[in-house]
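The values are calculated or read from the model by the stated rules, or taken from the named source; none is laboratory data. Quantities reported herein were computed from a predicted structural model and do not represent experimental measurements. Because the Cβ atoms are built from the backbone with ideal geometry, glycine has one as well, and the counts that use them run over all protein chains shown. To get the accessible areas, we keep the full protein, side chains included, count just its heavy atoms, and leave off ligands, DNA and RNA. Shrake-Rupley method; radii C 1.70, N 1.55, O 1.52, S 1.80 Å.
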Amino acid sequence: MKGFIFDLDGVIVDTAHFHFLAWKKTADELGLELTEEMNEQLKGVSRIDSLKKILAWADKEISQDHFDKLTTEKNTDYLSYVEEMTSGDILPGVEAFITQIKSQGYPVALGSASKNAPRILKKIGLFDLFDTIVDGNSVKKAKPDPEVFVIAAGNLGVAREECVVFEDSEAGVTAANNAGMVSIGIGSPENLGHADHVFGNFTEFSTEFIVNLEPKVK
Ligand code: B16
Ligand code: MG
């Protein structure tokens, strides 16, 4: 393996809970009780597609103006949580893993659906660690479309099949698989059973294990 692509929310930081709290407020306004199970289906999904899913669950149709107002409010609410973030919010083992893989000469990319990715990376002090940042501002098609990871591999100058993707979401693992990349699920096997390997966090495997993985597609 020659290129390493990291999702942000749920892999580097646990912002997934902040997204949940903010969407829960939106759902309440629409008369829907947003459950943890529903939230699982929002992970890795773009802001616009997330609200479309919530509206479908609430069985509501709204005007474009109302739609825009709800996404703006949700993001303002979400950013109020992000403002409080520090390097203490980095998930276990991930900074050490990225630092180690970089010291071995491998390039690393961020591949996130979030339009807030640069802001979050700066808050936690990891912005300069990435050779390329591909986020919700740079893609046309949201996960599970592989576009975000394909652009990241292109920016790294590494063939898709020689890339490993670290993902916490169902949609993101599907996107990595669709790109022909090796997918490592960070989370539970119940949600991420379609990943090539699943771990609870980055302290559970070595860089050697990851670097020596075989390509799925030759
Ligand atoms: P924003 P990731 C994703 O980030 C989140 O998992 C998802 O819950 C969120 O809706 C999406 O980013 C868009 O985020 O509203 O900040 O642009 O997991 O792909 O890093
Ligand atoms: Mg994620």
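Inspect all residues belonging to the stretch 65-78 and state whether any of them is more than 16 Å from ligand 2 (Cβ to nearest atom), part of a loop (DSSP other than H, G, I, E, B) and open to solvent by 30 Å² or more (accessible area, probe 1.4 Å).
Just the residues of the stretch 65-78 that are more than 16 Å from ligand 2 (Cβ to nearest atom), to begin with: 65-77.
Narrowing the set further to residues that are part of a loop (DSSP other than H, G, I, E, B) leaves none.
No, the conditions are met nowhere in the stretch 65-78.
Yes or no: K24 more than 20 Å from K122 (Cβ to Cβ), open to solvent by 70 Å² or more (accessible area, probe 1.4 Å), not hydrophobic (A, V, I, L, M, F, W, C) and not assigned by TED's automatic domain parsing to the domain that holds N191? Outline the logic, then answer.
Details: more than 20 Å from K122 (Cβ to Cβ): yes; open to solvent by 70 Å² or more (accessible area, probe 1.4 Å): no; not hydrophobic (A, V, I, L, M, F, W, C): yes; not assigned by TED's automatic domain parsing to the domain that holds N191: yes.
Answer is no for this residue.
Test M85 against the stated conditions and say whether it is in contact with a helix residue (DSSP H, G or I) (Cβ under 6 Å, 6 or more places away or on another chain), farther than 23 Å from K122 by Cβ, part of a loop (DSSP other than H, G, I, E, B) and open to solvent by less than 50 Å² (accessible area, probe 1.4 Å).
Taking the combined requirement at face value, the residue does not satisfy it.
Quick check on this structure: which one of V108, V139, V150 is touching a strand residue (DSSP E or B) at 6+ places or on another chain (Cβ under 6 Å) and aliphatic (A, V, I, L, M)?
The match here is V108.
Just give me the residues in the stretch 140-172 being hydrophobic (A, V, I, L, M, F, W, C) and within 15 Å of ligand 2 (Cβ to nearest atom), in sequence order.
Narrowing the stretch 140-172 to residues hydrophobic (A, V, I, L, M, F, W, C): 142, 148-153, 156, 158-159, 163-166, 171.
Of everything in the stretch 140-172, those that are hydrophobic (A, V, I, L, M, F, W, C) and within 15 Å of ligand 2 (Cβ to nearest atom) turn out to be A142, V148, F149, A152, V165, F166, A171.
Considering only residues that are over 12 Å from the mean Cα position of the chain (by Cα) and open to solvent by 10 Å² or more (accessible area, probe 1.4 Å), which ones fall in the stretch 102-118?
Listed by number, the residues that qualify are K102, S103, Q104, G105, Y106, P107, P118.
Kindly establish whether L121 is modelled with pLDDT of 95 or more, under 22 Å from G187 (Cα atoms) and open to solvent by 40 Å² or more (accessible area, probe 1.4 Å).
On the way: modelled with pLDDT of 95 or more: yes; under 22 Å from G187 (Cα atoms): yes; open to solvent by 40 Å² or more (accessible area, probe 1.4 Å): no.
So L121 fails the test.
Kindly evaluate L21 against the criterion of being out of contact with any Leu (no Cβ under 8 Å at 6 or more places or on another chain), of a type outside the set (D, E, K, R) and near ligand 1 (Cβ under 9 Å from one of its atoms).
Details: out of contact with any Leu (no Cβ under 8 Å at 6 or more places or on another chain): yes; of a type outside the set (D, E, K, R): yes; near ligand 1 (Cβ under 9 Å from one of its atoms): no.
Judged against the criteria, L21 is not a match.
Within the stretch 178-211, restricting attention to residues that are among the hydrophobic types (A, V, I, L, M, F, W, C), in a helix (DSSP H, G or I) and in contact (Cβ under 8 Å) with a residue 12 or more places away in the chain, which residue is nearest to K2 (Cα to Cα)? Give the derivation first.
In the first step, residues of the stretch 178-211 are kept if they are among the hydrophobic types (A, V, I, L, M, F, W, C); the result is 179, 181-182, 184, 186, 192, 195, 198-199, 202, 205, 209-211.
Filter again for in a helix (DSSP H, G or I), leaving 192, 202, 209-211.
Next, only the ones that are in contact (Cβ under 8 Å) with a residue 12 or more places away in the chain stay: 192, 202, 210-211.
On the way: L192: 23, F202: 18, I210: 10, V211: 7 Å.
The residue in question is V211.
Using the structure shown, decide if E214 is assigned to a helix (DSSP H, G or I) and either closer than 25 Å to S87 by Cβ or open to solvent by 50 Å² or more (accessible area, probe 1.4 Å) (or both).
Numbers: assigned to a helix (DSSP H, G or I): no; either closer than 25 Å to S87 by Cβ or open to solvent by 50 Å² or more (accessible area, probe 1.4 Å) (or both): yes.
Spelling it out, it is not the case that E214 is assigned to a helix (DSSP H, G or I) and either closer than 25 Å to S87 by Cβ or open to solvent by 50 Å² or more (accessible area, probe 1.4 Å) (or both).
Which condition number does T99 fail, the rest of (1) open to solvent by less than 60 Å² (accessible area, probe 1.4 Å); (2) of a type in the set (S, T, Y); (3) without any contact (Cβ under 8 Å) to a residue 60 or more places away in the chain being met?
For T99, the exception is condition (1).
As an exercise: evaluate E61 against (1) assigned to a helix (DSSP H, G or I); (2) under 26 Å from D145 (Cα atoms); (3) free of Cβ contacts under 8 Å to residues at least 60 places away in the same chain; (4) open to solvent by 70 Å² or more (accessible area, probe 1.4 Å) and give the number of the one condition it does not meet.
Unmet condition: (1).
Of all residues in the stretch 15-53, which are assigned to a helix (DSSP H, G or I), within 13 Å of ligand 2 (Cβ to nearest atom) and in contact with an Asp or Glu (Cβ under 9 Å, 6 or more places away or on another chain)?
Across the stretch 15-53, the qualifying residues are A16, F18, H19, F20, E40, Q41, L42.
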